[in-house]
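The values are calculated or read from the model by the stated rules, or taken from the named source; none is laboratory data. Bear in mind the structure is a predicted one, so any value in this text is a computation, not a measurement. Note: ideal-geometry Cβ built from the backbone for every residue, glycine included; neighbour counts use all protein chains shown.
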Amino acid sequence: MVIKLYIHILRIFVLLNIIKVYTQMLATPESIDKFICFLTKHQKIPMKSRTKLPCTFCNIFSSTTWRPGPAGPSTLCNKCGVNYMDSGKRHRTIDLVLKKGFAVWVKKDVNSWAWNEDHHANDADHRIKLWIQRESIRNKLTITLNPSPNKKRRL
């Protein structure tokens, strides 16, 4: 089963390279996200009640509403989810970034609008582990499918 999945993934990589050569187009973030979703949909994720899992930012267990965050649906409490939202006039004030292989929550400073490191995310949480996997795959694919300008000239 696992070998068949790896063979299927290898075929997709070959197909992506063929498409890239023929169309000379760079990979878009949307296509990379779709590819990551395809790769990770074969993984079985243990389902748990969202009332038993804490907010991935502030670690509280109870909230009036659970909102989507970078680690998936229902991973942020209402307060943190509103801070994470980016819609209309409200800009995102918290975000999860990958720094040296670790998930780090960052906050936007109100006065300078600079992003400051707030705290490390809980690496024991399976939702954060899956986010780290997706983000590292996204970074690798972005680098390989969108080479630097110097590499583009050599190709």
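Residue-wise test of (1) part of a strand (DSSP E or B); (2) closer than 28 Å to F35 by Cα; (3) in contact with a Lys or Arg (Cβ under 7 Å, 6 or more places away or on another chain).
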residue	(1), (2), (3)
T75	yes, yes, yes
G81	no, yes, yes
L98	yes, yes, no
A103	yes, yes, no
V106	yes, yes, no
H119	yes, no, no
N122	no, yes, no
K129	no, yes, no
E135	no, yes, no
- line: Restricting region 79-106 to residues that are loosely packed, with under 14 Cβ neighbours inside 10 Å and not basic (K, R), the one farthest from L130 (Cα to Cα) turns out to be G88
field: First in region 100-128 and over 18 Å from T75 (Cβ atoms), second anywhere and of a type in the set (A, V, I, L, M) and modelled with pLDDT of 90 or more, Cβ under 6 Å, 6 or more apart
entry: W115/V106; E117/V104; E117/V106
- line: Over region 60-82, the set of residues without any contact (Cβ under 8 Å) to a residue 24 or more places away in the chain, over 19 Å from V106 (Cα atoms) and under 21 Å from the mean Cα position of the chain (by Cα) is W66, P73
field: In region 75-91, the residues that are at pLDDT 85 or above and in contact with a helix residue (DSSP H, G or I) (Cβ under 9 Å, 6 or more places away or on another chain)
entry: T75, L76
query: Restricting the search to region 64-73, which residues are surrounded by 21 or more Cβ atoms within 10 Å (Cβ to Cβ) and either basic (K, R) or outside any loop (DSSP other than H, G, I, E, B) (or both)?
result: G69
message: Tally up the residues in region 35-61 that are modelled with pLDDT under 75 and either charged (D, E, K, R) or not in a helix (DSSP H, G or I) (or both), please.
response: 11
